[in-house]
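The values are calculated or read from the model by the stated rules, or taken from the named source; none is laboratory data. Since we're looking at a predicted model, the values are computed, not measured. Cβ placement follows ideal geometry from the backbone for every residue including glycine, while neighbour counts extend to all protein chains displayed. Protein only, heavy atoms only, side chains kept; ligands, DNA and RNA dropped before computing areas. Shrake-Rupley method; radii C 1.70, N 1.55, O 1.52, S 1.80 Å.
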Amino acid sequence: GADLAQAELRVLGALSGDKKLIHLCVNADESRKLEPDWDPHSYGCLIAFGEGFTKADKSTKQVLRDLFKRVIYGSFYGAGADTIWQSIYDGGYEGPPIDVEMVEHILQAIFKAFPDVRPWRENEFREAKRTGRLMDALIGRRREFPLLLIDLPTVANFKMQSTVASTMNMSLWELRHALPSVDPSAMILAQVHDAIYVE
């Protein structure tokens, strides 16, 4: 199996046009993911925690990066600090105790680290409320809301998830044609969100 690393972050960077997020995604290095110059989550931790992140030991950096990652992914769906805090604990978080104020602090750091994200999201929401329509960024998959009853989480979720899904569908099509030249006996088993499994 293989997955598209940081799929949602890459889509968010591409759709929002945020130069810092795009730069960090393009230059991301998995072997250096605890370094702010090589990972968007660690860069966000630098903004949120400053020297509390940069001077921390490796274990603490991993905990803070994981926490930041959970908050940023929650924010993708338009969730507020209370909802994100609850989902972090519901998701089995076992790090040092956190509260809603810390989650709010991290949310503010996200919008400071990647300043084009919030305006893009607000514009997408306004446009969806006006038209009653959502479309993904690649193949024009769309969702209609004839009564214009639409909320921010729906807008954020659809834009991110449908664009990732379209990216993976297009990749799956390319893989289907390239795979026989690599291994004629290989078969594609499944696509699960941002991952493709082959036997």
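Looking only at the stretch 17-36, decide whether some residue is assigned to a helix (DSSP H, G or I) and over 28 Å from residue 171 (Cβ atoms). Within the stretch 17-36, one or more residues are assigned to a helix (DSSP H, G or I) and over 28 Å from residue 171 (Cβ atoms). Each residue in the stretch 27-52 was checked for being at pLDDT 90 or above and under 20 Å from residue 73 (Cβ atoms), and 16 pass. Selection of the stretch 157-186 for residues being among the aliphatic types (A, V, I, L, M), under 30 Å from residue 78 (Cβ atoms) and either part of a loop (DSSP other than H, G, I, E, B) or touching a strand residue (DSSP E or B) at 6+ places or on another chain (Cβ under 7 Å) (or both) yields 168, 172. Of note, residue 142 satisfies the criterion of being open to solvent by 90 Å² or more (accessible area, probe 1.4 Å) and more than 16 Å from residue 194 (Cβ to Cβ). The residues of the stretch 51-70 that are part of a helix (DSSP H, G or I), farther than 14 Å from residue 95 by Cα and of a type outside the set (D, E, K, R), listed by number, are 52, 53, 54.
Considering only residues of the stretch 1-40 that are touching a residue at least 40 places away in the same chain (Cβ under 8 Å) and of a type in the set (Lys, Arg), which is surrounded by the fewest Cβ atoms within 10 Å (Cβ to Cβ)? The selected residue is 19. Does residue 68 satisfy the criteria of being within 18 Å of residue 152 (Cβ to Cβ) and touching a residue at least 12 places away in the same chain (Cβ under 8 Å)? It is false that residue 68 is within 18 Å of residue 152 (Cβ to Cβ) and touching a residue at least 12 places away in the same chain (Cβ under 8 Å).
Remark: pairs (first residue in the stretch 135-147, of a type in the set (S, T, N, Q); second residue at pLDDT 80 or above; Cβ separation under 7 Å; 6+ apart in sequence or on different chains) are absent. The set of residues in the stretch 101-121 that are without any contact (Cβ under 8 Å) to a residue 40 or more places away in the chain and either in a loop (DSSP other than H, G, I, E, B) or surrounded by 21 or more Cβ atoms within 10 Å (Cβ to Cβ) (or both) contains only 103. Regarding residue 132, is this residue in contact with a Phe, Trp or Tyr (Cβ under 9 Å, 6 or more places away or on another chain), on the phi > 0 side of the Ramachandran plot and either charged (D, E, K, R) or open to solvent by less than 50 Å² (accessible area, probe 1.4 Å) (or both)? Yes.
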